[in-house]
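S.K.: This is the structure I want to talk about, given as structure tokens.
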Amino acid sequence: MVAMATAERCFSPRILPPRKVSLPRRPHLFRGVSVPSLGVRATTSELFTGSPRFLGRRTSAAVGLGPGRRDGVTAREPPVMEGETPVIPSGSVTARGESQVIARDDSPVMRGRDLLQWRDMPQHLQFNPYIHTGYRPLLTFWGSLASLFYLHNETINIVTHGLPILFILLVSPRVMPWSQIDSHFLAWCHIAGSISPWIGSFIYHLFMNMNLPPAFYHRLLQLDMLGIWVSQSFGALPMVCASVFCLPRILQWLLISCYCIFAIYGLFKALTASSPWNRRLCFALPFCMRNLLCVLRLTRFGGGNPLNMSNVILQDLLSVVGGAIGACNFPEKWLPGCLDYYCNSHNIMHVLVVMAVYYMYHAARSDLIWMAQGSCDRFPKVDTLSFKDDL
Ligand SMILES: [Zn+2]
């Protein structure tokens, strides 16, 4: 139904004249305060005009309920597109005439499965203007948890990073070749790095709309970034250690220490970043170092399984492509309002980073086994080959 409505709205818009809607008189409930009954007669387009931005920025414009507008509706709005679900201003009556519960004076909480439009959201949740509909209203903890069971514009993001948590917890420790590897510490680092981004992302997307101040949202964002950082730092540690495995011990520790310092610096930048591009650039230094280690692996001084190069490259390449797509808001930038529920840039990024961690698992597994075998003779000297040929 949502897909059909979206398709109709995007590809065959038809302008309908504003409709008249009569709203029944119903008492409205604030927290502990009963507001006098309201009876208004307004067009549906007029109902849209009252969409208040939460947290008090446009609350006074709420239809008949805002502090300064309880006398009715007068503002005008563009005509309604057929197939578009009318969005009723939060903190007022719904299209079915239901009253709503408001948890705070300036942050209305809708109940049930009512979804909002971009313009109805508080500023800190308006991070993608090309996603027009499907926003959950501000909810309690249990309301956010219940949103797992109905479709909204974060459903795909929650599912794509929720299922890998279950899969990795159930499968990853079992398939790790414990008997063939020496360093169980590096193996556990990899497992922690494989699961952390999904935990942070799952919590962030599920609870981002909780009815709490914006500072809570930014804490969730930091948790999401922390999960990515653990993945980038600890998850890739087996690859880093394998790459320097054949170097002198002092050089090994120097390069690994450099990688750790770059990773800690990236964490500091990630937790204080203010834009999508800044958040992605936080991981630039460890990423560049992993690229240099890739080059090292191609020389006779580098370590790691030589058959592992495709996995090593893909684990970073897919992450970079996914991050760039997410930051560019592509493709919804070209189809605004048409990819609200599926296939938008964040959905694509989620899938690509899951694939990146899949390749990271194969890269780590292969390198851990290779290090246990301790073979650095990946490029035999010519004279050795000729000696064997003579034999
Ligand atoms: Zn995400």
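The values are calculated or read from the model by the stated rules, or taken from the named source; none is laboratory data. The structure displayed is predicted, hence computed values, not measured ones. Quick reminder, even Gly has a Cβ in these numbers, built from the backbone with ideal geometry, and neighbours come from all protein chains shown.
S.K.: Is it true that some residue in the range 270-293 is farther than 20 Å from Val230 by Cα, touching a Ser or Thr at 6+ places or on another chain (Cβ under 6 Å), modelled with pLDDT of 90 or more and more than 15 Å from the ligand (Cβ to nearest atom)?
M.R.: Within the range 270-293, not a single residue is farther than 20 Å from Val230 by Cα, touching a Ser or Thr at 6+ places or on another chain (Cβ under 6 Å), modelled with pLDDT of 90 or more and more than 15 Å from the ligand (Cβ to nearest atom).
S.K.: Separate question: From Arg280, Arg297, Arg249, grab the single residue that is among the charged types (D, E, K, R) and within 26 Å of Pro164 (Cα to Cα). Before you say what the answer is, go through the steps one by one.
M.R.: Working: Arg297 fails: within 26 Å of Pro164 (Cα to Cα); Arg249 fails: within 26 Å of Pro164 (Cα to Cα).
Being among the charged types (D, E, K, R) and within 26 Å of Pro164 (Cα to Cα) holds for just one of Arg280, Arg297, Arg249, which is Arg280.
S.K.: Scan the range 357-370 and tell me whether some residue there is within 16 Å of the ligand (Cβ to nearest atom) and either modelled with pLDDT of 90 or more or surrounded by fewer than 22 Cβ atoms within 10 Å (Cβ to Cβ) (or both).
M.R.: Scanning the range 357-370, I find at least one residue that is within 16 Å of the ligand (Cβ to nearest atom) and either modelled with pLDDT of 90 or more or surrounded by fewer than 22 Cβ atoms within 10 Å (Cβ to Cβ) (or both), so the answer is yes.
S.K.: Of everything in the range 201-218, what is within 11 Å of the ligand (Cβ to nearest atom) and out of contact with any Leu (no Cβ under 8 Å at 6 or more places or on another chain)? Give them in sequence order.
M.R.: Ser201, Phe202, His205
S.K.: Out of Leu170, Leu221, report the one residue that is closer than 17 Å to Asn157 by Cβ, out of contact with any Leu (no Cβ under 7 Å at 6 or more places or on another chain) and assigned by TED's automatic domain parsing to the domain that holds Lys269.
M.R.: Working: Leu170 fails: closer than 17 Å to Asn157 by Cβ.
Criteria check complete, one pass: Leu221.
S.K.: A further question follows. Report, ordered by the first and then the second residue, all pairs with beta carbons closer than 6 Å, sequence separation of six or more or different chains, a first member in the range 223-237 that is aromatic (Phe, Trp, Tyr), and a second member that is surrounded by fewer than 24 Cβ atoms within 10 Å (Cβ to Cβ).
M.R.: Between residues of the range 223-237 that are aromatic (Phe, Trp, Tyr) and residues that are surrounded by fewer than 24 Cβ atoms within 10 Å (Cβ to Cβ), the close pairs are Trp229/Leu267; Trp229/Ala270; Phe234/Cys189; Phe234/Ala192.
S.K.: Determine which member of the set Ala146, Ala187, Ala215 is outside the structural domain of Tyr341 (by TED's automatic domain parsing) and of a type outside the set (Ser, Thr, Tyr).
M.R.: Ala146
S.K.: Looking only at the range 308-340, which residues are among the charged types (D, E, K, R), surrounded by 18 or more Cβ atoms within 10 Å (Cβ to Cβ) and in contact with a Phe, Trp or Tyr (Cβ under 7 Å, 6 or more places away or on another chain)?
M.R.: Asp316, Glu332
S.K.: State all residues of the range 134-163 that are part of a loop (DSSP other than H, G, I, E, B) and within 14 Å of the ligand (Cβ to nearest atom); if no residue qualifies, say none.
M.R.: Taking the range 134-163 as the starting set, the residues that turn out to be part of a loop (DSSP other than H, G, I, E, B) are 134, 136-138, 140, 150-154.
Selection gives Asn153, Glu154.
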